[in-house]
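A short worksheet on the structure shown next.
Every number in this text was worked out from the coordinates using simple rules, so none of it is lab data. All figures in this text were calculated on a predicted structure; none of them were measured in a lab. Don't worry about glycine lacking a Cβ; one is built from the backbone with ideal geometry, like all the others, and counts go over all protein chains shown.
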Amino acid sequence: MNYYIYGYTSKGDVRSENEDRILIDGKIRNEGSRYSIVSAPFITAVCDGVGGEKAGELAAQTCLEELAKVQYRSDVDIKSEVYDIHKKVKKSGVIGQGTLNMQTTLCALAVDEKGDGMCINVGDSRMYRYVNAAIRQISTDQSYRQYIYEHGSDGEVSRIDPKLQNAIVSSIGSLTNDPEIEIIPLVTRLGKEPDDMIIIVSDGISDFVSEQQLEIGMGLDLPIGQKLEAIAQLAVDNGGVDNISIIGIKPYITKQELDALTTEEKGKTVNIQKLIAETDELGDILTFDINEILSKPKQENMQADTPIKEETEMETADEQINEIQAEPLDIEAITQEAVMAVEMSAETTAQTIREIEQQEELEQQELAEQEQIAEETVEQEETKAAELTASEEDQEQQTDEIRLETEQERELPDELVETKSIADEFKVDFSRFKDNVENITTSEEDQQDGEKKQLDFSFHTVELSHQSASSLARLEKLFGNK
């Protein structure tokens, strides 16, 4: 099975820069659209740089650059991989200029080689699944509002400052807290139903487009790209003030399916705002008609009960207001808690910086040790090379000496060949024999007179006194009196 992925991101109409990033088929975009056809395994994702911190766009970029390096398969520990990315983003923020505590959200779909999908979420970007014409949220918002809702009550949520309700409590790159990495396997394999599709959005869309409006937008008879960009524009039209990003992932099998997903009808335009308004109006009419029909049999009783119900509701509301007003605000305690939180954050930041500096020192020490080992290895190799060169020179010298001796032997008269062999055997100075023989064989005066001179063996008699008698006999035979 193949997958058609379409993504769109924009800074919107209010922000001057886009801190969102989208990842599609290993490529990152920070403005405009991108589409790709991929096969499993793959990862596609949305990152929303945290606007309240510095360099949110750099945090988002770094996060997706590292995520693109992950070779995802079914045996990969994706949670560990994401945590490593968090540490790299945090370290980059500490050592960078003006990037301290840079943070980002992350919402990604990872599909392994078997086709099994996994939702990966940190922060408040969202993943939806659109199937059978209905939208269902898969990820969980890691926001202050959601945290209070899960650990408190609806009443406590309503008392939160609206500006703080959407503050995230988990992010990639935070110096104060490690991220809560949410891993959610898809219940069924993507593509089981004809309209099965995954949608990933930043909060610039989810905060301004309701799930009902998403359902209407996804139900439009348009190519996927036009649907997604229409939904993004709807967020702007609904008063969106944030960057907007959206990705759609649609499985397909045949080329006909792909053509149906991507072919645009020329000249066809759709006003999604108008369609949604008409749908909402139709819903209001249907609701009114049903209520009117159901209310007729009990109309008389309701008229009698209504004043009592209204009074009861007003009393309950007054009591709740009085309870809230009666609770005094301990400004000093709130201020002290805020100061403690800032001090803890500063202390945590300083500790993180110290840990990173210590880690860098260790890395530098390891690098220095490696360089020293490399230098020693080079020195050893140079020493071996020098020794090898000297050995080769010695061998050449010995070879030259042997060659010279061989040449000298070739030049010797027949009378000296055997003499030299005996002299070499007993390590006797052959030159002394050679001089005497030359006096015999080369003296022109002796040759003319026909005289033979007797060699004086006294100089070698002592040297050969302890040698074998046969060798001495050979010498006497060669150099004896004649």
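I want the local charge near E382. Using Cβ-Cβ distances under 15 Å, sum +1 for each Lys or Arg and -1 for each Asp or Glu among the other residues.
Summing Lys and Arg as +1 and Asp and Glu as -1 gives -4.
Using Cα-Cα distances under 8 Å and only pairs 6 or more residues apart, what relative contact order does the stretch 2-265 have, in percent?
This gives 23 percent for the stretch 2-265.
Can you pull the one-decimal nm distance between simple spin-label points at A386 and N132, each 7 Å off the Cα toward Cβ?
8.4
What net charge do the residues around Q233 carry, taking every other residue with its C-beta under 12 Å from that of Q233, with Lys and Arg at +1 and Asp and Glu at -1?
So the environment of Q233 carries a net charge of -2.
For an R0 of 45 angstrom, estimate the FRET efficiency from the Cβ-Cβ distance between D195 and R354 and round to the nearest 0.05.
Here the calculated transfer efficiency is 0.25.
Quick check on my link table: of K11/K227; K27/K87; K27/K91; K69/K255; K27/K90, which ones sit more than 27 Å apart, alpha carbon to alpha carbon? Before the final figure, lay out the partial values.
Values: K11/K227 19 Å; K27/K87 22 Å; K27/K91 23 Å; K69/K255 30 Å; K27/K90 22 Å.
Long pairs (Cα-Cα over 27 Å): K69/K255.
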